[in-house]
Amino acid sequence: MPSVLTQTKENFESGRRSPVREERLEALTQRIGRALFRRLRSTAPSFWRLEKVEDSFMKLMMRDEDLRFRMLQFVDVFPALGGTRSVSRHLEEYLSSEEMGSGAGHGPLGRIARHFGRDLPGVRNITAATAQLAITRMGNHFIAGHTPEEVAVRIRSMEARGFHFTLDLLGEFVASEAQADEFARRYREMIEKFEDLLGPLPDALADQPHLQAPPRVNLSIKLSSLTSKFDPMDPEGTSAAVRERLRPLVRAAREHGAFINVDMEKYEFRETTLRIMLDLLDEEEFRGFPHFGTVAQAYLWDAEESLRWLLGELAARKQPMTIRLVKGAYWDSEQIWARQKDWPVPVITDKRLTDAMFERCTRILMEAAPLVRTAIASHNVRSVARALALRKMLSHPPEAFEVQMLYGMAGPIKDAVLRSGVPVRIYTPCGELLPGMSYLVRRILENTSNESFLRQRFSEGAAEEKLLASPHEPGPEDFEI
Ligand SMILES: Cc1cc2nc3c(=O)[nH]c(=O)nc-3n(C[C@H](O)[C@H](O)[C@H](O)COP(=O)(O)OP(=O)(O)OC[C@H]3O[C@@H](n4cnc5c(N)ncnc54)[C@H](O)[C@@H]3O)c2cc1C
(Lines give C-alpha, C1' and ligand atoms only; values in the text may rest on other atoms or scores of the structure.)
Protein backbone atom coordinates (compact mmCIF):
# COMPACT_ATOMS: atom_id res chain seq x y z
CA MET A 1 0.00 0.00 0.00
CA PRO A 2 1.48 3.38 -0.92
CA SER A 3 2.01 5.29 2.26
CA VAL A 4 3.53 8.42 0.76
CA LEU A 5 2.37 10.50 -2.17
CA THR A 6 4.33 9.34 -5.16
CA GLN A 7 1.93 10.48 -7.87
CA THR A 8 2.66 14.01 -8.96
CA LYS A 9 0.66 16.15 -11.33
CA GLU A 10 3.26 15.50 -14.07
CA ASN A 11 3.30 11.71 -13.96
CA PHE A 12 -0.49 11.71 -13.53
CA GLU A 13 -0.91 13.62 -16.78
CA SER A 14 1.69 11.56 -18.62
CA GLY A 15 -0.47 8.44 -18.26
CA ARG A 16 -3.07 9.54 -20.83
CA ARG A 17 -4.61 6.95 -23.10
CA SER A 18 -4.19 6.47 -26.83
CA PRO A 19 -5.95 9.23 -28.81
CA VAL A 20 -7.81 7.00 -31.29
CA ARG A 21 -9.62 4.94 -28.70
CA GLU A 22 -10.15 8.07 -26.69
CA GLU A 23 -11.83 9.78 -29.66
CA ARG A 24 -14.48 7.07 -30.04
CA LEU A 25 -15.09 6.99 -26.36
CA GLU A 26 -15.35 10.77 -26.25
CA ALA A 27 -17.88 10.87 -29.10
CA LEU A 28 -20.08 8.33 -27.33
CA THR A 29 -19.72 10.21 -24.03
CA GLN A 30 -20.96 13.37 -25.75
CA ARG A 31 -23.94 11.57 -27.28
CA ILE A 32 -24.97 10.00 -23.98
CA GLY A 33 -24.39 13.26 -22.10
CA ARG A 34 -26.60 15.21 -24.49
CA ALA A 35 -29.32 12.55 -24.19
CA LEU A 36 -29.18 12.85 -20.40
CA PHE A 37 -29.43 16.63 -20.61
CA ARG A 38 -32.45 16.32 -22.93
CA ARG A 39 -34.15 14.16 -20.30
CA LEU A 40 -33.24 16.72 -17.64
CA ARG A 41 -34.91 19.46 -19.64
CA SER A 42 -38.05 17.40 -19.90
CA THR A 43 -38.26 16.58 -16.19
CA ALA A 44 -37.80 19.80 -14.25
CA PRO A 45 -37.09 23.44 -14.93
CA SER A 46 -34.67 23.75 -12.04
CA PHE A 47 -32.82 21.74 -9.43
CA TRP A 48 -33.15 24.55 -6.98
CA ARG A 49 -36.82 23.83 -6.65
CA LEU A 50 -36.30 23.63 -2.94
CA GLU A 51 -38.73 25.04 -0.47
CA LYS A 52 -38.14 28.77 -0.21
CA VAL A 53 -36.10 28.60 3.01
CA GLU A 54 -33.63 26.01 1.70
CA ASP A 55 -33.31 27.81 -1.62
CA SER A 56 -32.61 31.07 0.12
CA PHE A 57 -30.08 29.45 2.49
CA MET A 58 -28.14 28.02 -0.45
CA LYS A 59 -28.01 31.47 -2.11
CA LEU A 60 -26.63 32.99 1.07
CA MET A 61 -23.96 30.30 1.35
CA MET A 62 -22.91 30.95 -2.23
CA ARG A 63 -22.15 34.59 -1.64
CA ASP A 64 -20.98 34.66 2.00
CA GLU A 65 -17.41 33.32 2.09
CA ASP A 66 -17.05 34.02 5.81
CA LEU A 67 -20.07 31.88 6.60
CA ARG A 68 -18.66 29.04 4.49
CA PHE A 69 -15.38 29.36 6.35
CA ARG A 70 -17.09 29.18 9.75
CA MET A 71 -19.07 26.14 8.69
CA LEU A 72 -15.78 24.52 7.79
CA GLN A 73 -14.23 25.45 11.14
CA PHE A 74 -17.20 23.93 12.88
CA VAL A 75 -16.78 20.63 11.03
CA ASP A 76 -13.10 20.69 11.96
CA VAL A 77 -13.76 20.79 15.71
CA PHE A 78 -16.74 18.44 15.47
CA PRO A 79 -14.79 15.23 16.25
CA ALA A 80 -13.55 16.73 19.50
CA LEU A 81 -17.04 17.50 20.74
CA GLY A 82 -18.56 14.98 23.09
CA GLY A 83 -22.33 14.96 23.48
CA THR A 84 -25.08 16.71 21.62
CA ARG A 85 -25.19 19.52 24.16
CA SER A 86 -21.60 20.38 23.42
CA VAL A 87 -22.28 20.23 19.66
CA SER A 88 -25.22 22.56 20.08
CA ARG A 89 -23.17 25.05 22.13
CA HIS A 90 -20.32 25.07 19.62
CA LEU A 91 -22.68 25.52 16.72
CA GLU A 92 -24.11 28.55 18.44
CA GLU A 93 -20.63 29.88 19.23
CA TYR A 94 -19.31 29.46 15.71
CA LEU A 95 -22.29 30.96 14.06
CA SER A 96 -22.96 33.80 16.45
CA SER A 97 -19.37 34.85 17.15
CA GLU A 98 -18.96 38.64 17.11
CA GLU A 99 -15.20 38.52 16.79
CA MET A 100 -15.34 40.63 13.65
CA GLY A 101 -16.13 43.52 15.97
CA SER A 102 -19.14 44.65 14.06
CA GLY A 103 -21.51 44.68 17.00
CA ALA A 104 -24.41 42.57 18.16
CA GLY A 105 -26.30 40.76 15.47
CA HIS A 106 -23.54 41.14 12.88
CA GLY A 107 -22.07 37.66 13.36
CA PRO A 108 -22.95 34.91 10.89
CA LEU A 109 -26.10 33.91 12.75
CA GLY A 110 -27.29 37.52 12.59
CA ARG A 111 -26.51 37.59 8.88
CA ILE A 112 -28.45 34.38 8.29
CA ALA A 113 -31.37 35.87 10.21
CA ARG A 114 -31.30 39.20 8.31
CA HIS A 115 -30.93 37.39 5.02
CA PHE A 116 -34.15 35.52 5.69
CA GLY A 117 -35.85 38.71 6.79
CA ARG A 118 -34.99 40.26 3.44
CA ASP A 119 -35.61 37.27 1.20
CA LEU A 120 -38.69 35.93 2.91
CA PRO A 121 -41.16 38.77 3.29
CA GLY A 122 -43.49 36.62 5.43
CA VAL A 123 -40.82 36.18 8.12
CA ARG A 124 -40.94 38.78 10.89
CA ASN A 125 -39.19 39.07 14.27
CA ILE A 126 -35.90 37.73 12.97
CA THR A 127 -34.06 35.90 15.73
CA ALA A 128 -31.34 33.33 16.14
CA ALA A 129 -34.15 30.81 16.34
CA THR A 130 -35.19 31.75 12.79
CA ALA A 131 -31.68 31.05 11.55
CA GLN A 132 -31.58 27.76 13.39
CA LEU A 133 -34.91 26.87 11.86
CA ALA A 134 -33.31 27.37 8.45
CA ILE A 135 -30.53 24.95 9.40
CA THR A 136 -33.12 22.43 10.57
CA ARG A 137 -34.95 22.78 7.26
CA MET A 138 -31.69 22.14 5.43
CA GLY A 139 -31.23 19.05 7.59
CA ASN A 140 -34.66 17.78 6.66
CA HIS A 141 -33.76 18.19 3.03
CA PHE A 142 -30.60 16.06 3.14
CA ILE A 143 -31.53 13.63 5.95
CA ALA A 144 -34.26 11.10 5.18
CA GLY A 145 -35.54 10.66 8.74
CA HIS A 146 -34.64 10.50 12.41
CA THR A 147 -35.65 6.88 13.00
CA PRO A 148 -35.48 3.70 10.90
CA GLU A 149 -39.30 3.77 10.74
CA GLU A 150 -39.34 7.29 9.27
CA VAL A 151 -36.59 6.42 6.80
CA ALA A 152 -38.39 3.23 5.76
CA VAL A 153 -41.38 5.35 4.64
CA ARG A 154 -39.11 7.45 2.38
CA ILE A 155 -37.34 4.38 1.04
CA ARG A 156 -40.63 2.67 0.20
CA SER A 157 -41.55 5.57 -2.03
CA MET A 158 -38.06 5.63 -3.61
CA GLU A 159 -38.28 1.90 -4.32
CA ALA A 160 -41.75 2.31 -5.79
CA ARG A 161 -40.17 4.64 -8.36
CA GLY A 162 -37.45 2.07 -9.15
CA PHE A 163 -34.54 3.31 -6.99
CA HIS A 164 -32.33 1.18 -4.75
CA PHE A 165 -30.96 2.49 -1.46
CA THR A 166 -28.01 2.34 0.90
CA LEU A 167 -28.54 3.39 4.50
CA ASP A 168 -26.17 5.67 6.36
CA LEU A 169 -26.40 6.01 10.13
CA LEU A 170 -25.51 9.61 10.96
CA GLY A 171 -22.95 10.54 13.58
CA GLU A 172 -19.40 9.87 12.59
CA PHE A 173 -17.24 10.28 15.62
CA VAL A 174 -17.32 8.08 18.65
CA ALA A 175 -15.68 9.32 21.82
CA SER A 176 -15.98 6.16 23.96
CA GLU A 177 -16.13 2.40 23.62
CA ALA A 178 -19.72 2.55 24.87
CA GLN A 179 -20.62 4.78 21.90
CA ALA A 180 -18.85 2.35 19.53
CA ASP A 181 -20.92 -0.49 21.02
CA GLU A 182 -24.06 1.55 20.49
CA PHE A 183 -23.16 2.19 16.84
CA ALA A 184 -22.51 -1.51 16.28
CA ARG A 185 -25.84 -2.33 17.93
CA ARG A 186 -27.74 0.11 15.71
CA TYR A 187 -26.01 -1.11 12.54
CA ARG A 188 -26.92 -4.66 13.45
CA GLU A 189 -30.50 -3.73 14.16
CA MET A 190 -30.77 -2.20 10.70
CA ILE A 191 -29.36 -5.31 9.04
CA GLU A 192 -31.75 -7.56 10.95
CA LYS A 193 -34.94 -5.53 10.87
CA PHE A 194 -34.96 -3.20 7.92
CA GLU A 195 -36.40 -5.59 5.34
CA ASP A 196 -39.39 -6.22 7.64
CA LEU A 197 -39.91 -2.48 7.97
CA LEU A 198 -39.95 -2.15 4.19
CA GLY A 199 -42.39 -4.95 3.45
CA PRO A 200 -42.74 -6.62 0.04
CA LEU A 201 -40.51 -5.58 -2.85
CA PRO A 202 -42.47 -3.11 -5.03
CA ASP A 203 -43.27 -3.97 -8.65
CA ALA A 204 -40.86 -1.31 -9.94
CA LEU A 205 -37.97 -3.44 -8.63
CA ALA A 206 -39.55 -6.89 -8.89
CA ASP A 207 -39.99 -6.29 -12.65
CA GLN A 208 -36.25 -5.89 -13.12
CA PRO A 209 -34.87 -9.28 -12.07
CA HIS A 210 -31.28 -8.61 -13.17
CA LEU A 211 -31.21 -5.57 -10.89
CA GLN A 212 -32.06 -7.63 -7.86
CA ALA A 213 -28.75 -9.47 -7.79
CA PRO A 214 -27.27 -7.40 -4.96
CA PRO A 215 -29.21 -7.67 -1.68
CA ARG A 216 -32.06 -5.26 -1.11
CA VAL A 217 -30.82 -4.07 2.30
CA ASN A 218 -27.58 -2.19 1.81
CA LEU A 219 -25.81 -0.48 4.70
CA SER A 220 -22.97 2.05 4.42
CA ILE A 221 -20.80 2.11 7.51
CA LYS A 222 -17.79 4.10 8.68
CA LEU A 223 -15.12 2.01 10.38
CA SER A 224 -14.10 4.90 12.63
CA SER A 225 -17.52 4.57 14.28
CA LEU A 226 -16.59 1.07 15.52
CA THR A 227 -13.85 2.14 17.91
CA SER A 228 -13.02 5.24 19.90
CA LYS A 229 -9.33 4.68 19.12
CA PHE A 230 -9.08 4.65 15.33
CA ASP A 231 -5.35 5.26 15.14
CA PRO A 232 -3.46 5.09 11.82
CA MET A 233 -0.21 4.92 13.82
CA ASP A 234 -1.40 1.63 15.32
CA PRO A 235 -2.92 -0.23 12.36
CA GLU A 236 -2.79 -3.65 14.02
CA GLY A 237 -4.43 -2.54 17.28
CA THR A 238 -7.03 -0.55 15.33
CA SER A 239 -7.74 -3.48 13.02
CA ALA A 240 -8.22 -5.85 15.96
CA ALA A 241 -10.53 -3.43 17.78
CA VAL A 242 -12.65 -2.66 14.71
CA ARG A 243 -12.91 -6.28 13.58
CA GLU A 244 -14.24 -7.23 17.01
CA ARG A 245 -17.36 -5.16 16.23
CA LEU A 246 -17.35 -5.71 12.47
CA ARG A 247 -17.48 -9.53 12.60
CA PRO A 248 -21.00 -9.74 14.10
CA LEU A 249 -22.20 -7.26 11.46
CA VAL A 250 -20.86 -9.28 8.55
CA ARG A 251 -22.27 -12.47 10.11
CA ALA A 252 -25.66 -10.77 10.40
CA ALA A 253 -25.39 -9.56 6.78
CA ARG A 254 -24.63 -13.10 5.63
CA GLU A 255 -27.53 -14.51 7.61
CA HIS A 256 -30.08 -11.89 6.55
CA GLY A 257 -28.87 -11.38 2.99
CA ALA A 258 -27.68 -7.79 3.41
CA PHE A 259 -24.84 -5.81 1.85
CA ILE A 260 -22.17 -3.91 3.79
CA ASN A 261 -20.29 -1.01 2.29
CA VAL A 262 -17.32 0.54 4.06
CA ASP A 263 -17.33 4.29 3.37
CA MET A 264 -14.06 6.16 2.91
CA GLU A 265 -13.25 8.96 5.31
CA LYS A 266 -10.31 11.33 5.58
CA TYR A 267 -7.06 10.52 3.75
CA GLU A 268 -5.23 9.77 6.98
CA PHE A 269 -7.62 6.84 7.61
CA ARG A 270 -7.57 5.32 4.13
CA GLU A 271 -4.70 2.86 4.51
CA THR A 272 -5.95 1.57 7.86
CA THR A 273 -9.51 1.26 6.54
CA LEU A 274 -8.40 -0.88 3.60
CA ARG A 275 -6.12 -2.92 5.87
CA ILE A 276 -8.98 -3.73 8.26
CA MET A 277 -11.27 -4.82 5.42
CA LEU A 278 -8.66 -7.13 3.93
CA ASP A 279 -7.76 -8.51 7.37
CA LEU A 280 -11.41 -9.39 7.89
CA LEU A 281 -11.84 -10.97 4.46
CA ASP A 282 -8.69 -13.04 5.11
CA GLU A 283 -10.41 -14.68 8.07
CA GLU A 284 -11.57 -18.19 7.17
CA GLU A 285 -15.28 -17.61 7.84
CA PHE A 286 -15.54 -14.45 5.68
CA ARG A 287 -13.38 -15.48 2.72
CA GLY A 288 -15.17 -14.85 -0.58
CA PHE A 289 -18.14 -13.04 1.02
CA PRO A 290 -19.61 -11.33 -2.05
CA HIS A 291 -21.80 -8.64 -0.55
CA PHE A 292 -19.08 -6.35 0.60
CA GLY A 293 -17.97 -3.03 -0.82
CA THR A 294 -15.78 -0.01 -0.30
CA VAL A 295 -15.01 3.40 -1.80
CA ALA A 296 -12.21 4.89 -3.89
CA GLN A 297 -11.72 8.69 -3.79
CA ALA A 298 -10.61 10.18 -7.10
CA TYR A 299 -9.65 13.62 -5.70
CA LEU A 300 -6.42 12.21 -4.27
CA TRP A 301 -3.17 12.51 -6.22
CA ASP A 302 -2.47 8.85 -5.58
CA ALA A 303 -6.03 7.66 -6.32
CA GLU A 304 -5.04 5.55 -9.31
CA GLU A 305 -2.07 3.99 -7.54
CA SER A 306 -4.15 3.12 -4.50
CA LEU A 307 -6.97 1.67 -6.63
CA ARG A 308 -4.59 -0.51 -8.62
CA TRP A 309 -3.07 -1.75 -5.37
CA LEU A 310 -6.49 -2.68 -3.99
CA LEU A 311 -7.51 -4.46 -7.21
CA GLY A 312 -4.27 -6.46 -7.06
CA GLU A 313 -5.04 -7.53 -3.49
CA LEU A 314 -8.58 -8.57 -4.44
CA ALA A 315 -7.38 -10.46 -7.51
CA ALA A 316 -4.76 -12.33 -5.47
CA ARG A 317 -7.53 -13.44 -3.07
CA LYS A 318 -10.20 -13.96 -5.79
CA GLN A 319 -12.27 -11.75 -3.50
CA PRO A 320 -15.27 -10.14 -5.26
CA MET A 321 -16.14 -6.62 -4.20
CA THR A 322 -18.26 -3.62 -5.15
CA ILE A 323 -16.21 -0.45 -5.40
CA ARG A 324 -17.97 2.89 -5.27
CA LEU A 325 -16.01 5.58 -7.04
CA VAL A 326 -16.46 9.10 -5.62
CA LYS A 327 -14.51 12.32 -6.06
CA GLY A 328 -14.29 12.83 -2.31
CA ALA A 329 -16.20 14.69 0.37
CA TYR A 330 -13.40 16.21 2.46
CA TRP A 331 -11.77 18.47 -0.13
CA ASP A 332 -11.72 21.68 1.93
CA SER A 333 -10.90 19.91 5.20
CA GLU A 334 -8.02 17.86 3.77
CA GLN A 335 -6.23 21.08 2.86
CA ILE A 336 -6.67 22.52 6.33
CA TRP A 337 -5.54 19.30 8.05
CA ALA A 338 -2.47 18.99 5.80
CA ARG A 339 -1.44 22.59 6.50
CA GLN A 340 -1.97 22.13 10.24
CA LYS A 341 0.40 19.14 10.23
CA ASP A 342 2.78 20.54 7.64
CA TRP A 343 2.14 17.55 5.36
CA PRO A 344 1.80 17.62 1.57
CA VAL A 345 -1.78 18.34 0.52
CA PRO A 346 -3.15 14.95 -0.61
CA VAL A 347 -6.03 16.29 -2.69
CA ILE A 348 -5.82 17.54 -6.27
CA THR A 349 -6.48 21.28 -6.35
CA ASP A 350 -7.48 21.65 -10.01
CA LYS A 351 -11.06 20.48 -10.53
CA ARG A 352 -10.43 19.45 -14.13
CA LEU A 353 -7.71 17.05 -12.95
CA THR A 354 -10.02 15.54 -10.32
CA ASP A 355 -12.61 14.95 -13.04
CA ALA A 356 -9.94 13.41 -15.28
CA MET A 357 -8.75 11.14 -12.45
CA PHE A 358 -12.35 10.10 -11.86
CA GLU A 359 -12.68 9.06 -15.49
CA ARG A 360 -9.40 7.13 -15.43
CA CYS A 361 -10.42 5.29 -12.27
CA THR A 362 -13.83 4.55 -13.82
CA ARG A 363 -12.11 2.70 -16.62
CA ILE A 364 -9.72 0.83 -14.33
CA LEU A 365 -12.66 -0.34 -12.24
CA MET A 366 -14.79 -1.40 -15.17
CA GLU A 367 -11.93 -3.33 -16.69
CA ALA A 368 -11.75 -5.30 -13.45
CA ALA A 369 -15.26 -6.82 -13.94
CA PRO A 370 -16.58 -9.34 -13.09
CA LEU A 371 -14.42 -9.55 -9.95
CA VAL A 372 -15.37 -5.96 -9.24
CA ARG A 373 -18.83 -4.36 -9.43
CA THR A 374 -18.52 -0.67 -10.25
CA ALA A 375 -20.70 1.92 -8.53
CA ILE A 376 -20.31 5.37 -10.06
CA ALA A 377 -21.24 7.87 -7.34
CA SER A 378 -21.60 11.29 -8.94
CA HIS A 379 -24.20 13.92 -9.77
CA ASN A 380 -22.05 15.21 -12.61
CA VAL A 381 -23.65 14.40 -15.97
CA ARG A 382 -20.27 14.35 -17.72
CA SER A 383 -18.76 11.87 -15.22
CA VAL A 384 -21.81 9.61 -15.40
CA ALA A 385 -22.05 9.83 -19.21
CA ARG A 386 -18.42 8.76 -19.52
CA ALA A 387 -19.10 5.69 -17.37
CA LEU A 388 -22.19 4.81 -19.42
CA ALA A 389 -20.16 5.17 -22.62
CA LEU A 390 -17.42 2.91 -21.28
CA ARG A 391 -19.99 0.39 -20.21
CA LYS A 392 -21.18 0.18 -23.80
CA MET A 393 -17.74 0.11 -25.40
CA LEU A 394 -16.31 -2.47 -23.03
CA SER A 395 -19.45 -4.67 -23.30
CA HIS A 396 -19.43 -4.46 -19.56
CA PRO A 397 -21.76 -6.94 -17.78
CA PRO A 398 -24.96 -5.02 -16.85
CA GLU A 399 -25.17 -6.62 -13.41
CA ALA A 400 -21.68 -5.32 -12.58
CA PHE A 401 -22.62 -1.64 -12.70
CA GLU A 402 -24.75 0.92 -10.94
CA VAL A 403 -24.92 4.66 -10.41
CA GLN A 404 -25.26 6.12 -6.91
CA MET A 405 -26.40 9.56 -5.77
CA LEU A 406 -27.16 11.26 -2.48
CA TYR A 407 -30.58 11.69 -0.92
CA GLY A 408 -31.93 15.21 -1.42
CA MET A 409 -29.62 16.03 -4.31
CA ALA A 410 -29.94 16.13 -8.10
CA GLY A 411 -33.47 14.68 -8.32
CA PRO A 412 -33.85 15.25 -12.09
CA ILE A 413 -30.43 13.69 -12.77
CA LYS A 414 -31.40 10.59 -10.80
CA ASP A 415 -34.57 10.30 -12.90
CA ALA A 416 -32.68 10.84 -16.16
CA VAL A 417 -30.11 8.12 -15.36
CA LEU A 418 -32.77 5.70 -14.16
CA ARG A 419 -34.66 6.19 -17.42
CA SER A 420 -31.56 5.06 -19.31
CA GLY A 421 -32.07 1.60 -17.77
CA VAL A 422 -29.24 1.71 -15.26
CA PRO A 423 -29.76 0.82 -11.58
CA VAL A 424 -29.59 3.91 -9.39
CA ARG A 425 -28.92 3.62 -5.65
CA ILE A 426 -29.64 6.49 -3.29
CA TYR A 427 -27.38 7.05 -0.28
CA THR A 428 -29.95 7.65 2.45
CA PRO A 429 -28.90 9.15 5.80
CA CYS A 430 -30.84 8.29 8.94
CA GLY A 431 -30.47 10.03 12.30
CA GLU A 432 -30.72 13.23 14.30
CA LEU A 433 -29.58 16.61 13.02
CA LEU A 434 -26.88 17.37 15.59
CA PRO A 435 -24.91 14.13 15.24
CA GLY A 436 -25.40 14.57 11.49
CA MET A 437 -24.10 18.16 11.39
CA SER A 438 -20.81 17.22 9.69
CA TYR A 439 -22.70 15.39 6.98
CA LEU A 440 -25.07 18.30 6.51
CA VAL A 441 -22.31 20.91 6.35
CA ARG A 442 -20.37 18.83 3.81
CA ARG A 443 -23.48 18.70 1.59
CA ILE A 444 -24.07 22.45 1.89
CA LEU A 445 -20.44 23.26 1.08
CA GLU A 446 -20.41 20.79 -1.78
CA ASN A 447 -23.57 22.17 -3.39
CA THR A 448 -22.53 25.80 -3.06
CA SER A 449 -18.85 25.51 -4.04
CA ASN A 450 -17.80 27.43 -7.16
CA GLU A 451 -16.63 24.20 -8.79
CA SER A 452 -19.77 22.19 -8.12
CA PHE A 453 -21.40 20.69 -11.20
CA LEU A 454 -24.84 21.13 -9.63
CA ARG A 455 -24.26 24.78 -8.85
CA GLN A 456 -22.92 25.48 -12.34
CA ARG A 457 -25.75 23.65 -14.07
CA PHE A 458 -28.74 24.60 -11.97
CA SER A 459 -27.81 27.92 -10.39
CA GLU A 460 -25.36 29.54 -12.81
CA GLY A 461 -27.01 28.04 -15.91
CA ALA A 462 -23.67 27.01 -17.49
CA ALA A 463 -23.90 25.81 -21.11
CA GLU A 464 -24.26 22.08 -21.68
CA GLU A 465 -21.25 22.06 -24.01
CA LYS A 466 -19.08 23.43 -21.24
CA LEU A 467 -20.43 20.97 -18.70
CA LEU A 468 -19.88 18.05 -21.05
CA ALA A 469 -16.36 19.10 -22.08
CA SER A 470 -13.64 16.53 -21.67
CA PRO A 471 -11.48 17.11 -18.58
CA HIS A 472 -8.53 15.53 -20.37
CA GLU A 473 -6.80 17.48 -23.13
CA PRO A 474 -6.62 20.25 -24.33
CA GLY A 475 -8.85 21.97 -21.77
CA PRO A 476 -12.58 22.60 -21.53
CA GLU A 477 -12.57 25.97 -23.30
CA ASP A 478 -10.81 24.56 -26.39
CA PHE A 479 -12.96 21.51 -26.71
CA GLU A 480 -15.09 21.18 -29.84
CA ILE A 481 -17.96 18.81 -30.37
C1 LIG B 1 -23.66 7.58 -3.13
C2 LIG B 1 -22.51 8.42 -2.66
C3 LIG B 1 -21.68 7.95 -1.67
C4 LIG B 1 -20.57 8.71 -1.26
N5 LIG B 1 -19.67 8.20 -0.36
C6 LIG B 1 -18.53 8.89 -0.09
C7 LIG B 1 -17.50 8.34 0.72
O8 LIG B 1 -17.59 7.21 1.22
N9 LIG B 1 -16.39 9.10 0.94
C10 LIG B 1 -16.23 10.34 0.39
O11 LIG B 1 -15.18 10.98 0.58
N12 LIG B 1 -17.22 10.89 -0.36
C13 LIG B 1 -18.35 10.20 -0.60
N14 LIG B 1 -19.33 10.76 -1.37
C15 LIG B 1 -19.35 12.22 -1.60
C16 LIG B 1 -18.73 12.55 -2.88
O17 LIG B 1 -17.35 12.53 -2.73
C18 LIG B 1 -19.23 13.92 -3.32
O19 LIG B 1 -20.62 13.87 -3.36
C20 LIG B 1 -18.71 14.17 -4.66
O21 LIG B 1 -17.36 14.49 -4.57
C22 LIG B 1 -19.43 15.21 -5.48
O23 LIG B 1 -18.96 14.97 -6.77
P24 LIG B 1 -19.84 15.08 -8.07
O25 LIG B 1 -19.20 14.26 -9.13
O26 LIG B 1 -21.24 14.76 -7.74
O27 LIG B 1 -19.81 16.64 -8.37
P28 LIG B 1 -18.74 17.60 -9.03
O29 LIG B 1 -19.34 18.94 -8.85
O30 LIG B 1 -18.36 17.16 -10.38
O31 LIG B 1 -17.45 17.45 -8.14
C32 LIG B 1 -17.31 18.07 -6.89
C33 LIG B 1 -16.11 17.42 -6.24
O34 LIG B 1 -14.91 17.76 -6.94
C35 LIG B 1 -13.83 17.90 -6.02
N36 LIG B 1 -13.34 19.29 -6.12
C37 LIG B 1 -14.02 20.44 -5.82
N38 LIG B 1 -13.26 21.53 -6.05
C39 LIG B 1 -12.08 21.09 -6.53
C40 LIG B 1 -10.88 21.73 -6.96
N41 LIG B 1 -10.74 23.07 -6.96
N42 LIG B 1 -9.84 20.96 -7.39
C43 LIG B 1 -9.94 19.63 -7.40
N44 LIG B 1 -11.07 18.94 -6.99
C45 LIG B 1 -12.11 19.66 -6.57
C46 LIG B 1 -14.39 17.59 -4.65
O47 LIG B 1 -14.19 16.20 -4.40
C48 LIG B 1 -15.87 17.89 -4.81
O49 LIG B 1 -16.67 17.15 -3.89
C50 LIG B 1 -20.38 10.00 -1.81
C51 LIG B 1 -21.25 10.48 -2.80
C52 LIG B 1 -22.28 9.70 -3.25
C53 LIG B 1 -23.13 10.23 -4.35
Discussion item. Please count how many residues of region 409-443 are within 12 Å of the ligand (Cβ to nearest atom) and either part of a loop (DSSP other than H, G, I, E, B) or of a type outside the set (S, T, N, Q) (or both).
Written reply: 13
Worksheet, complete the sentence: Ala329 passes all but one of the listed conditions (1) closer than 29 Å to Ala27 by Cβ; (2) within 11 Å of the ligand (Cβ to nearest atom); (3) among the hydrophobic types (A, V, I, L, M, F, W, C); (4) not in a strand (DSSP E or B); the exception is number (1)
Discussion item. Give all pairs with beta carbons closer than 9 Å in which a residue from region 223-242 that is in the same structural domain as Gln179 (by TED's automatic domain parsing) and free of Cβ contacts under 8 Å to residues at least 24 places away in the same chain meets a residue that is in a loop (DSSP other than H, G, I, E, B) and among the small types (Gly, Ala, Ser); count only pairs at least 6 apart in sequence or on separate chains.
Written reply: Ala241/Ser228
Practice prompt. State the number of residues belonging to region 203-217 that are at pLDDT 85 or above and out of contact with any Phe, Trp or Tyr (no Cβ under 8 Å at 6 or more places or on another chain).
Written response: 1
Response to the item:
So, first residue without any contact (Cβ under 8 Å) to a residue 12 or more places away in the chain in region 451-467, second residue assigned to a helix (DSSP H, G or I) and surrounded by fewer than 19 Cβ atoms within 10 Å (Cβ to Cβ), Cβ within less than 7 Å, six or more apart or across chains; the pairs are Gln456/Leu467; Ala462/Gln456; Lys466/Pro476
Discussion item. For region 390-403, check the following and say yes or no: at least one residue is away from the ligand (no atom under 14 Å from the Cβ) and farther than 23 Å from Glu304 by Cα.
Written reply: yes
Fill in: Output for region 268-288, where each listed residue is among the charged types (D, E, K, R) and out of contact with any helix residue (DSSP H, G or I) (no Cβ under 6 Å at 6 or more places or on another chain)
Glu268, Arg270, Glu271, Asp282, Glu283, Glu284, Glu285, Arg287
Worksheet item: Is it the case that region 419-426 has a residue that's over 17 Å from the mean Cα position of the chain (by Cα) and of a type in the set (D, E, K, R)?
Response: yes
Worksheet item: Among the numbered criteria (1) assigned to a helix (DSSP H, G or I); (2) more than 8 Å from the ligand (Cβ to nearest atom), which single criterion is violated by Glu446?
Response: (2)
Practice prompt. List the number of the failed condition for Lys318; all other conditions in (1) over 20 Å from the mean Cα position of the chain (by Cα); (2) within 17 Å of Arg442 (Cα to Cα) hold.
Written response: (2)
Discussion item. Pull out all pairs, ordered by first then second residue, where Cβ-Cβ is under 9 Å, the residues are six or more apart or on different chains, the first lies in region 314-325 and is outside the structural domain of Leu371 (by TED's automatic domain parsing), and the second is part of a helix (DSSP H, G or I) and among the aromatic types (Phe, Trp, Tyr).
Written reply: none
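Any chance you could count how many residues in region 332-346 are assigned to a loop (DSSP other than H, G, I, E, B) and free of Cβ contacts under 8 Å to residues at least 40 places away in the same chain? Break it down into steps so the answer makes sense when it comes.
As a first pass, look at region 332-346 and keep what is assigned to a loop (DSSP other than H, G, I, E, B): 342-346.
Still in the list and also free of Cβ contacts under 8 Å to residues at least 40 places away in the same chain: 342-343, 345.
Counting residues in region 332-346 that are assigned to a loop (DSSP other than H, G, I, E, B) and free of Cβ contacts under 8 Å to residues at least 40 places away in the same chain gives 3.
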Worksheet entry | Failed condition for Ser378, given (1) surrounded by fewer than 23 Cβ atoms within 10 Å (Cβ to Cβ); (2) farther than 28 Å from Arg254 by Cβ; (3) of a type in the set (Ser, Thr, Tyr) | (1)
Worksheet item: Somewhere in region 361-372, is a residue within 14 Å of the ligand (Cβ to nearest atom) and not in a strand (DSSP E or B)?
Response: yes
Practice prompt. Tell me which residues, restricted to region 288-310, are more than 14 Å from the ligand (Cβ to nearest atom) and in a strand (DSSP E or B).
Written response: Phe292
Fill in: Any hit, region 381-393, residues being surrounded by fewer than 21 Cβ atoms within 10 Å (Cβ to Cβ), of a type outside the set (Ser, Thr, Tyr) and at pLDDT below 95
yes
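What are the residues in region 337-353 that are more than 7 Å from the ligand (Cβ to nearest atom) and surrounded by 15 or more Cβ atoms within 10 Å (Cβ to Cβ), if any? I'd like the intermediate steps shown before the answer.
First pass over region 337-353, keeping only residues more than 7 Å from the ligand (Cβ to nearest atom): 337-346, 352.
Scanning region 337-353 gives Trp337, Ala338, Val345, Pro346, Arg352.
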Practice prompt. Considering each residue of region 248-267, count those that are part of a helix (DSSP H, G or I) and either on the phi > 0 side of the Ramachandran plot or out of contact with any helix residue (DSSP H, G or I) (no Cβ under 7 Å at 6 or more places or on another chain) (or both), and give that number.
Written response: 3
Discussion item. Considering only residues that are modelled with pLDDT of 85 or more and not in a helix (DSSP H, G or I), which ones fall in region 452-471?
Written reply: Ser452, Ala463, Ala469, Ser470, Pro471
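The values are calculated or read from the model by the stated rules, or taken from the named source; none is laboratory data. Just so it is clear, the structure is predicted and the values come from calculations on it, not from any experiment. Ideal geometry is used to build each Cβ from the backbone, glycine not excepted, and the neighbour counts take in all protein chains shown.
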